[in-house]
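Novice: The structure is given below, and queries will be raised subsequently.
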Amino acid sequence: MTKPFISKTAEQDAREIYQSVLDMMTDALMANDEPVLMSGVVYPFRVSTIEEEFIIESALDWLECTSLFRKNLLAQGVNHYIRLVTDAEFLSENYIRGSHITHTMRNANVVVPPYENRVALTRVDGVWRFSELDSALRNNRWPISSAQVAHEGRKSWASDLPESDIRRTNASPKAIYQNFINELSAINMAGDFEAWCEKCEFPHYVHIEQVDEVIDTPEGIRPFVEMMSDQIKTLEIDHLKRQASHAEFISATQLCGYHMTTFESKGEVRLGPVAGRYILNRTGTAWRMHSVTNSISNTEFPYSQPEPGDALISLREIQERTLKK
């Protein structure tokens, strides 16, 4: 399918931008230049292999991976780590998507078979940064300490339809996220169970500080929705406020956002603030909750009364403890 709004010159410019970012990040990796490595990524940053998906929320988490990966390269005597762009295009003014091949060599000898990668770049404050990485590796744990090449290094990720990529629209992820959580708050105030279910994928995943739950059916979320209605009635809440702090697109059809929730009555905060993070998936034009995390310290889910906690557990912590189960 041709894309008339992208000229050949623009495609060439996209390749040049992509290659320059790759070169910068490759040099920083081999030199262990932490400031460049940290600033070259938009957080949260999605990394996927053939077997697993990771969402990196902090620079420290990212540096843990780059440090271990570099040490492994050096231990193998790698002195040529080269990443070459094969294609790239502008999705819109602030987004580029493309592919490259990674070559890992010791002099003229191949240490790791070449493997394909797919990357999205996001321009933030005039600077292009990594915001998504799909790699033809089979590593299934984070941090990735060495490249385990799958399928002879060939790509095997799903091909998204070009028109399905939200980044082609120049939409603001934070604006989309704020609109979504505003709608959730209105649904809570109305006590509309069916409308809440329309905002959820099934199954979807709920995480609080000590508990992880898979919600397979609408009935599985009913106790939570009813608890919210009870709290609104008992505390005489006239304003349920969810305020977005940050959100980013992490794939063509995914968004990860962060917010704070407060229950207010006559201008007074009666419950909260509670930190929250939702991962939303887009199907057609509809966004739905794929993953929900709240800073709640209750030891079971569902709960009859929320106990706000001190911290929002990270996606890395959630992944580690769910992989152990």
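The values are calculated or read from the model by the stated rules, or taken from the named source; none is laboratory data. Just so it is clear, the model here is predicted, and its values are computed rather than measured. Reconstructed Cβ throughout: ideal geometry from the backbone, glycine too, with neighbour counts over all protein chains shown. Heads up: the accessible areas ignore ligands, DNA and RNA and are worked out on the full protein's heavy atoms, side chains in. Shrake-Rupley method; radii C 1.70, N 1.55, O 1.52, S 1.80 Å.
Novice: Just the number: Rg to Rh for segment 3-139, Cα atoms, Kirkwood Rh, two decimals.
Specialist: 0.96
Novice: Okay, moving on. Please give the length that would be gained between SER58 and MET189 if that part of the chain were fully extended, namely 0.36 nm times their separation in residues minus their C-alpha to C-alpha distance (nm, one decimal).
Specialist: 43.8 nm
Novice: Return an integer: the convex hull volume of the alpha-carbon atoms of segment 152-301, in Å³ per residue.
Specialist: Taking only Cα atoms, segment 152-301 has a hull volume of 136 Å³ per residue.
Novice: Given an 8 Å cut-off on Cα distances and at least 6 residues of separation, report the relative contact order of the chain as a percent.
Specialist: Here the relative contact order equals 14 percent.
Novice: Right, next: Within the chain, how many lysine pairs that are 8 or more places apart, or on different chains, have C-alpha atoms less than 18 Å apart?
Specialist: Final tally of qualifying lysine pairs is 6.
Novice: State in Å² the accessible area per residue of the chain; use a 1.4 Å probe, count heavy atoms of protein chains only, and round to the nearest integer.
Specialist: 48
Novice: At 0.36 nm per residue, minus the direct Cα-Cα distance, what do ASP238 and ALA175 gain on full extension? Give it in nm, one decimal, please.
Specialist: Stretched out fully, the ASP238 to ALA175 stretch lengthens by 20.3 nm.
Novice: Rounded to the nearest 500 deg cm²/dmol, what is the calculated helix-only ellipticity per residue at 222 nm for the chain, with -39500 (n - 2.57) per DSSP H run of length n ≥ 4?
Specialist: Helices in the chain give a 222 nm mean residue ellipticity of -9500 deg cm²/dmol.
Novice: Once amide H atoms are built 1.01 Å from N in the peptide plane, which residues 5 or more positions from GLN148, or in another chain, come under 5 Å H to H?
Specialist: ARG138, ASN139
Novice: Let me ask something else about it. How large is log10 of I(q)/I(0) for the chain at q = 0.14 Å⁻¹ when the intensity is taken from the Debye formula with one equal scatterer per alpha-carbon?
Specialist: Taken in order of the listed q values, log10 I(q)/I(0) reads -1.12.
Novice: A follow-up question, please. Using a 1.4 Å probe on the protein heavy atoms, what percent of the accessible area of the chain belongs to carbon and sulfur?
Specialist: 50
Novice: Write down Rg/Rh for segment 221-317, rounded to two decimals, with Rg from the C-alpha atoms and Rh from the Kirkwood relation over Cα pairs.
Specialist: We get a ratio of 0.99 for segment 221-317.
Novice: Taking only complete DSSP H runs, can you tell me which helices of the chain stretch 30 Å or more along their own long axis by Cα positions and average at least -1.0 on the Kyte-Doolittle scale?
Specialist: In the chain, the long hydrophobic H runs are 8-31.
Novice: Once the other residues with Cβ under 11 Å from the Cβ of THR299 are scored (Lys, Arg +1; Asp, Glu -1), what is the net sum?
Specialist: With Lys, Arg at +1 and Asp, Glu at -1, the net is -3.
Novice: Any idea what log10 I(q)/I(0) is at q = 0.13, 0.26, 0.29 Å⁻¹ for segment 62-114, Debye with uniform C-alpha scatterers and no solvent?
Specialist: For the requested q values the scattering log ratios are -0.45, -0.96, -1.04.
Novice: So, counting K/R as plus one and D/E as minus one, what does the shell of residues with Cβ under 13 Å around ILE313 add up to?
Specialist: Net charge in that neighbourhood comes out at -3.
Novice: Still on this structure: Testing the spin-label approximation: label points 7 Å from Cα along Cα→Cβ at SER92 and GLU268. State their distance in nm.
Specialist: Output for this residue pair reads 4.4 nm.
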